[in-house]
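One structure is given below, encoded as structure tokens.
The values are calculated or read from the model by the stated rules, or taken from the named source; none is laboratory data. Owing to the predicted nature of the structure, the values given are computational and were not obtained by experimental measurement. Cβ placement follows ideal geometry from the backbone for every residue including glycine, while neighbour counts extend to all protein chains displayed. Note: areas computed on protein heavy atoms with side chains; ligands, DNA, RNA excluded. Shrake-Rupley method; radii C 1.70, N 1.55, O 1.52, S 1.80 Å.
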Amino acid sequence: MSYHNAVLELYRDAALQPADNLCCVPSGPLHLPGLVVPDIMHEMNYGCGSTVHWGDMRAGARMLYVGVGGGLEALQLAYFSRRAGGVVAVDPVPEMRQRAAANLALAAELNDWFDTSFVSIVEGDALSLPIDNESIDFAAQNCLFNIFAADDLQRALAEMHRVLAAGGKLVMSDPITPKPLPGHLVDNERLRAECLSGCQTIENYLAAIADAGFGTIEVRSRRPYRVLDAASYSLAADIMLETIEVACIKTPVPSDGVCIFTGRTATYTGPDAAFDDGKGHTLPRNMPNAICDKTANALAALDSRQLLLTDSTWHYAGGGCC
């Protein structure tokens, strides 16, 4: 059985019977004014974080969600779009599509603002999206891309880049690993399908996004996900997996490389009103400014005692040098 088939089988079973602890990390329900989420959607929340945040929402945006699951995040996106066909949800598993449609019908009974026409559920997968070029403003996936082998991950990211309009945003939440996992785990199709053994290191994960052509990458959060204990997984030591949330923006790649924001800041403390690095970055005196890692490295090379640089927090909250 290929890992593709293992994934389809796992999520087919999860559609028929909600699975405990499949991908998800413990978290409270997201509350939005006037939104009532059916309990079954919480039970089928097969993700490792959240990809729906009000700050990303734009009026009239065309939205895409890949891997519909129980329909929770498609419903949350529809809360903001509120128009027919405003959200397209793609999934390869017939049983999951049927279950999501039933869950959304239940949501329509509980929310007078919601109509099932707001979400279009279509057959397809991340490796070949049934979506026109540059037709999407906002796209998301939750705990899906980590299951792919390296070549398929690159293909899936290229598909997302293809369907996004200029300036469009892809938000993703996936597990990562602090070091490459051993072959006996990586080659285990079931563990890969369960979002445990296909994890990339953060360096490889961000490099894959950059290679797909996204000019700006924001690392919004990073936190513990699950532990692969040495005894259960035949390891020399326990491995703490993390979950990472990133926003990938379809901007041109600068000539000096992708702008990756990991929560670093720079503060100018000299006598002048501001510091100009000569590369388009101006730092007002005594005011911390969000900077991408590329700019941080360039400023560090100046060896100036009048510049205070902070390390990555891995919780980037917006703003910045680029």
The simple spin-label model distance between A150 and E95, using points 7 Å out along Cα→Cβ, in nm, is 3.4 nm
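In a shell of Cβ-Cβ distance under 11 Å around V90, excluding V90 itself, what net charge do Lys and Arg (+1) and Asp and Glu (-1) give?
Working: positive: R97; negative: D91, E123, D125, E159.
Taking every other residue near V90 into account, the sum is -3.
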Probe 1.4 Å, all chains present, heavy atoms only: L196 accessible area in Å², nearest 10, is 10 Å²
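Per-residue ellipticity at 222 nm for the chain, helices alone: DSSP H runs ≥ 4 residues times -39500 (n - 2.57), over residue total, nearest 500 deg cm²/dmol? Present the calculation step by step, with values, prior to reporting the outcome.
On the way: 10 runs with 91 residues, N = 322.
The helix contribution divided over the chain gives -8000 deg cm²/dmol.
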Sorted by accessible surface (1.4 Å probe, heavy atoms of the protein chains only), largest first, M57, M41 come out as M57, M41
Full extension between H31 and D303 adds, at 0.36 nm per residue less the Cα distance, a length in nm of 93.2 nm
Diffing segment 93-105: the Karplus 3J(HN,Hα) column from phi (6.51, -1.76, 1.60, θ = phi - 60°), in whole Hz with x for Gly and Pro, holds 9, x, 5, 6, 4, 5, 5, 5, 4, 5, 5, 5, 5
Once H53 and M240 are pulled to full extension, the length gained, defined as 0.36 nm per residue separation minus their Cα-Cα distance, is 64.7 nm
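If I take every Cα pair under 8 Å that is 6 or more residues apart in segment 29-89, average their sequence separation and divide by the length, what percent do I get for the relative contact order? Walk me through the numbers on the way to the answer.
Numbers: 51 pairs, mean separation 21.7, N = 61.
Computed value for segment 29-89: 36 percent relative contact order.
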Under a Gaussian network model of the chain whose springs join Cα atoms within less than 10 Å, the largest fluctuation of A296, A230, A84 belongs to A230
Rounded to the nearest 10, the angle in degrees between the Cα long axis of helix 150-163 and the longest principal axis of the Cα atoms of the chain comes to 90 degrees
Mean Cβ-within-10 Å packing, highest first, puts peptides 307-315, 99-107 in the order 99-107, 307-315
Computed over the chain, protein heavy atoms only, probe 1.4 angstrom, the accessible area per residue in square angstrom equals 45 Å²
In the chain the accessible area split gives carbon plus sulfur, as whole percent at 1.4 Å, a share of 51 percent
Under 5 Å from the placed amide H of A89, counting only residues 5+ away or on other chains, we find Y65, S120, I121, V122
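What is the gain in length, in nm to one decimal, between M287 and N204 on full extension, counting 0.36 nm per residue of separation less the C-alpha to C-alpha distance? Let's see the in-between values first.
On the way: separation 83, 0.36 × 83 = 29.88 nm, distance 3.27 nm.
Answer, rounded to one decimal: 26.6 nm.
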So, relative contact order of the chain in percent, Cα under 8 Å, 6 or more apart, is 14 percent
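Taking every DSSP beta bridge that has both residues in the chain, what percent is antiparallel when rounded to the nearest 5?
On the way: 29 of 53 bridges.
Looking only at bridges with both residues in the chain, the antiparallel portion is about 55 percent.
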The answer for S221, listing residues at least 5 apart or on another chain whose modeled amide H is closer than 5 Å to its amide H, is E245, Y316
So the compactness index of segment 247-298, its C-alpha Rg divided by 2.2 N^0.38 Å, takes the value 1.24
Relative contact order of segment 205-253 (C-alpha contacts under 8 Å, at least 6 apart) in percent is 47 percent
